[in-house]
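S.K.: One structure, as structure tokens, below. Some questions next.
The values are calculated or read from the model by the stated rules, or taken from the named source; none is laboratory data. In this text, all values refer to a predicted model and were calculated from it rather than measured experimentally. Using ideal geometry, Cβ is built from the backbone for each residue, glycine included, and neighbour counts are taken over all protein chains shown. When the accessible area is computed, the model is the full protein with side chains, heavy atoms only, and any ligands, DNA or RNA have been set aside. Shrake-Rupley method; radii C 1.70, N 1.55, O 1.52, S 1.80 Å.
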Amino acid sequence: MKTRIFTSIMSLFIATMAFAYKTEIDGIYYDFDHENKTAEVVSEYGNYYSGDIIIPEKVNYGVEYSVTSIGYEAFYDCSSLTSITIPNSVTSIGDYAFQGCSSLTSITIPNSVTSIGDYAFQGCSSLTSVQWNAKKYSDFDYRSPFDGCEQITSFTFGDNVEYIPAYLCRGMSKLTSITIPNSVTSIGDRAFSGCPSLTSITIPNSVTTIGGDAFFECYSLVDVYIFDVGAWFDIEFKNCSTANPLHYAENLYLNNKKVTDVVVPEDVDSIKDYVFYNYSALTSITIPNSVTFIGKSAFRGCSGLTSIEIPNIVTSIGERAFYGCYSLDTLICEFGDDVEFYVEYDHPFATTKNFRYFQGPAKLVNTISEEVQTQFSNKLTEVHITDGELDENGFNYINRSKKSLHTIDLAGTTNTAINDLAFYDCYKLENLMLPGNLETIGFKAMAECYQLKEINIPASVVEINDAAFENCRSIKSITFGGQAEAKSFASRMKRAAADGDVALQRIGNWAFYNCHALENLVIPEGVTEVGDAAFYGCTYLDSLALPSTTQRIGDNCFALCSRMKQINVNAIEPPTIFAKTFFDVNRNIPVIVPEGAREAYANDEYWGEFINVVESENEETQIENAENANVAIYSVGGVLYVDGLSADYQLFDVNGRLIYTGRDAQLSLPRGVYVIAVGGEVEKIVL
């Protein structure tokens, strides 16, 4: 029994000896871990530390102990403590360890420290300088060790620091500048948040990650210094805009030179989230063909950016990527309609209200819904849709710039229809390129486009709907399909007769109503109907050619075309016309009809009003040599046509007398035999 009691007492004694009670050595109190031979600096309530305290790396208490920690409230409320030296053996500083040390002016955290407790230096109201040497350190939460140390004006990092913990400098209201050493690779969340006096920060090439809200409420931040623009593009700004100091800063300096024009290095494959968020001094950015991704809010708020060209290799653009780029004048997107971008919160280009030149796929404008269109420019002057199919949103958005648009290029789209009223009242529009696969032009699609001077209708168009070009009073030329390559009226007429690929079947009522400036018109083969008043008021129309397929020409179709000098109709059966189809057209002009059809026209109720109906005599001579491969020579109704010449030709009568030298495309001549000399070639012509 006595043996058992003795054994129990010895076990208790040994356990107690492993952790001794507070012991004072040279004025500092310690608790000892006898098993691990470590010591912790502790408080002795009622005995406050004061003056200058130097904590040793080791103390001797029978054996040598390494001082590894400063315990909970060890120097709590030691208002007379003026300085403290913490050795490189210390790895942890406890909660509230120096709280209330109001006379402490500076502190050095050695690189051995890996743990600092909550509010460790809270209330150190005279603390102005911190030297932080902790190499690696886990994040603080909102209970920053320096919380409330508002007098700190100098916070310096040692050369071996690799990570700046979350909340480390939070709330240091008088801190004005920070230089981060080249050893740091990462900055934690809210590391410098709530530092309203911070005016400058230097970020080295080594930093690759900056945490969320790292610079939140750094309202006075003006200057950010970096040493390599490529390294800047390598930084990942976590979670939110205030991870980037440019959220507040006015100036970014690259090797002490202010950054305004940025050329993204060729080896950069992605532009990360927030990389130039809110940097108003940025005026231009050159993005190389290596970039495939542009991140969320990457250039948001870059109000000085005037133009952007995004290469075709880009496959994804984050939401609000260019949001608030108010000065953006030119936007060129070379990528296709399959690009991915996100509009969960805002379109990548929302609030870009001033850009004038747009080139890009249909998808970018299709995603501008009616509800948000006011966030986008209505001052466009040029639009080039390079890929995809415009939908109703896209057409509506483009038409919002009706007061300024002068060029619309849809040649790259896959649209088969131009919507009703698509470009109605774009009264400054001068240039319009239609889709190559277009089939239908909608009601009043281009009506009231007063400045439009010419229009090329693709060969694929089947129907031009009612009033499609109504009141386009400046249109001088309308070409259909391959006619665009032919220059003169006669050559276009020949081309139209030979071209079987034009799909057009109907020209709607009022389609070209009041197109005053139209000079001549060749309607292609395949058209069966020209609607009521389709060309009403085309007062400058000089010549008209109608195809063999024409069946009906509507009432008032060519009314008020008082300058008409010639009508060519290739239909053997007279098309149906009405009393006012040719109202105010001179009935004495020649109407040239197919051979053998004169009598049918002369006997028709309304065609018969024309007193000069003649059958065509059309013999063509083609110059074959390479130099004049595009020259065509033929006669229609007593008129000689010479098309495609770039030099003078000579015309001789049958006796060899020179009767004309020049390059006129049309000559009215008496019937007879003539010889024409063109570029060394001589051909006989019979009129």
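S.K.: Accessible area, 1.4 Å probe, largest first: how do Asp159, Asp653 sort?
M.R.: Sorted by accessible area, descending: Asp159, Asp653.
S.K.: Whole-Hz Karplus ³J(HN,Hα) for the stretch 200-217, in order, using 6.51 cos²θ - 1.76 cosθ + 1.60 and θ = phi - 60°, x for Gly and Pro?
M.R.: 8, 8, 10, 10, x, 5, 6, 6, 10, 9, 10, x, x, 6, 4, 10, 4, 6
S.K.: Can you sort Lys444, Lys403 by 1.4 Å-probe accessible area, starting with the largest?
M.R.: Result, largest first: Lys403, Lys444.
S.K.: Based on Cα positions only, what radius of gyration and what Dmax would you give for the stretch 70-218, in angstroms?
M.R.: 14.0, 42
S.K.: Can you tell me how the stretch 495-580 classifies by the Cα gyration tensor, rounded, prolate or oblate, using a/c under 1.5 as the rounded cut?
M.R.: prolate
S.K.: Run down the lysines and flag those whose C-alpha is under 18 Å from the C-alpha of Lys379, throwing out any fewer than 8 positions away in its chain.
M.R.: Cα-Cα hits under 18 Å: Lys353, Lys402, Lys403, Lys428.
S.K.: Calculate how steeply helix 2-18 sits against the longest principal axis of the alpha-carbon atoms of the chain, using the helix alpha-carbon long axis, and give the answer as 0 to 90 degrees to the nearest 10.
M.R.: 50 degrees
S.K.: Residue farthest toward the positive end of the dipole of the chain, with Cβ of Lys/Arg at +1 and Asp/Glu at -1: which of Val42, Tyr345, Asn289?
M.R.: Val42
S.K.: Something else: Towards the positive end of the charge dipole of the chain, with charges on Cβ (+1 Lys, Arg; -1 Asp, Glu), say which of Phe376, Val314, Trp607 has the farthest Cα.
M.R.: My answer, from the dipole projection, is Phe376.
S.K.: Sticking with this one: Taking only C-alpha pairs under 8 Å that are 6+ residues apart, what is the relative contact order of the chain in percent?
M.R.: Once normalised by length, the contact order is 4 percent.
S.K.: On to the next question. Taking only protein heavy atoms and a 1.4 Å probe, what accessible area per residue, in Å², does the stretch 193-253 have with all protein chains in place?
M.R.: 31 Å²
S.K.: Kindly express, to the nearest 10 degrees and within the range 0 to 90, the angle between helix 489-498's C-alpha long axis and the longest C-alpha principal axis of the chain.
M.R.: 80 degrees
S.K.: Oh, and also: With a 1.4 Å probe and all protein chains kept in place, how much accessible area does Tyr536 have, in Å² rounded to the nearest 10?
M.R.: 60 Å²
S.K.: Per-residue HN-Hα couplings for the stretch 393-406, Karplus 6.51 cos²θ - 1.76 cosθ + 1.60 at θ = phi - 60°, whole Hz, x for Gly and Pro?
M.R.: Per-residue couplings from phi come out as 4, x, 4, 4, 5, 4, 5, 5, 9, 4, 7, 10, 5, 10 Hz.
S.K.: Amide H of Tyr342 versus every other amide H placed in the peptide plane: which residues, excluding those fewer than 5 positions away on the same chain, fall under 5 Å?
M.R.: Result for Tyr342 returns Ile317, Glu319.
S.K.: Any idea what the dipole of the stretch 117-241 comes to, in debye rounded to 20, about its Cα centre with Lys/Arg Cβ at +1 and Asp/Glu Cβ at -1?
M.R.: Rounded to the nearest 20 debye, it is 200 debye.
S.K.: Give the shape of the stretch 195-249 as rounded, prolate or oblate, defined through the alpha-carbon gyration tensor: a ≥ b ≥ c are the square roots of its eigenvalues, a/c under 1.5 means rounded, and otherwise the shape is prolate if a/b is larger than b/c and oblate if not.
M.R.: Oblate, because a/c is 1.5 or more while a/b does not exceed b/c.
S.K.: Here's something else I'd like to know. Roughly how much of Glu605 is accessible, in Å² to the nearest 10, using a 1.4 Å probe?
M.R.: 130 Å²
S.K.: If the label point is 7 Å along Cα→Cβ of Arg143, which residues in the stretch 53-77 have backbone nitrogen under 13 Å from it?
M.R.: Residues 72-73 qualify, since their backbone N sits under 13 Å from the label point.
S.K.: Shifting gears a bit: Please report the equivalent ellipsoid semi-axes of the stretch 279-434, computed as sqrt(5 x eigenvalue) of the Cα gyration tensor, largest first, in whole Å.
M.R.: The three semi-axes for the stretch 279-434 are 24, 17, 14 Å.
S.K.: Go through Tyr397, Gly508, Gly148 and say which Cα lies farthest out towards the positive end of the charge dipole of the chain; charges sit on Cβ, +1 for Lys and Arg, -1 for Asp and Glu.
M.R.: Positive-end residue among those listed: Gly148.
S.K.: Given charges of +1 on the Cβ of Lys and Arg and -1 on the Cβ of Asp and Glu, with all other atoms neutral, how large is the dipole of the chain about its Cα centre, in debye to the nearest 20?
M.R.: With Lys and Arg at +1 and Asp and Glu at -1, about 1220 debye.
S.K.: Calculate how many DSSP beta bridges within the chain are antiparallel, expressed in % of all such bridges and rounded to the nearest 5.
M.R.: In the chain, approximately 30 percent of DSSP beta bridges are antiparallel ones.
S.K.: Sticking with this one: Report the equivalent ellipsoid semi-axes for the chain in whole Å, largest first, defined as the square roots of five times the eigenvalues of the gyration tensor built from alpha carbon atoms.
M.R.: Square roots of five times the eigenvalues give 92, 23, 20 Å.
S.K.: Let me ask you something else. Largest first, how would Thr153, Thr479 line up by accessible area (1.4 Å probe)?
M.R.: From most exposed to least exposed: Thr153, Thr479.
S.K.: Leaving out ligands, DNA and RNA, and with a 1.4 Å probe, what % of the accessible surface on the stretch 237-360 is carbon or sulfur?
M.R.: 42 percent
S.K.: Sticking with this structure for a sec: Please calculate the 1.4 Å probe accessible area of Asp31, with all protein chains present, and give it to the nearest 10 Å².
M.R.: 50 Å²
S.K.: Let me ask you something else. In whole Hz and in residue order, list the ³J(HN,Hα) couplings for the stretch 148-153 that follow from phi through the Karplus curve 6.51 cos²θ - 1.76 cosθ + 1.60, θ = phi - 60°; x for Gly and Pro.
M.R.: x, 7, 6, 8, 5, 10
S.K.: Then there's this: At 1.4 Å probe size, with the rest of the protein present, what percent of the exposed accessible area of the stretch 81-129 is carbon and sulfur atoms?
M.R.: Here carbon and sulfur together make up 44 percent of the probe-accessible area.
S.K.: Tell me, what is the per residue accessible area of the stretch 17-171 in Å², probe radius 1.4 Å?
M.R.: The answer is 43 Å² per residue.
S.K.: Can you show me the helix-derived [θ] at 222 nm for the chain, built from DSSP H runs with n ≥ 4 at -39,500 (n - 2.57) apiece and divided by the number of residues, rounded to the nearest 500.
M.R.: Calculated from helices alone, the mean residue ellipticity at 222 nm is -2000 deg cm²/dmol.
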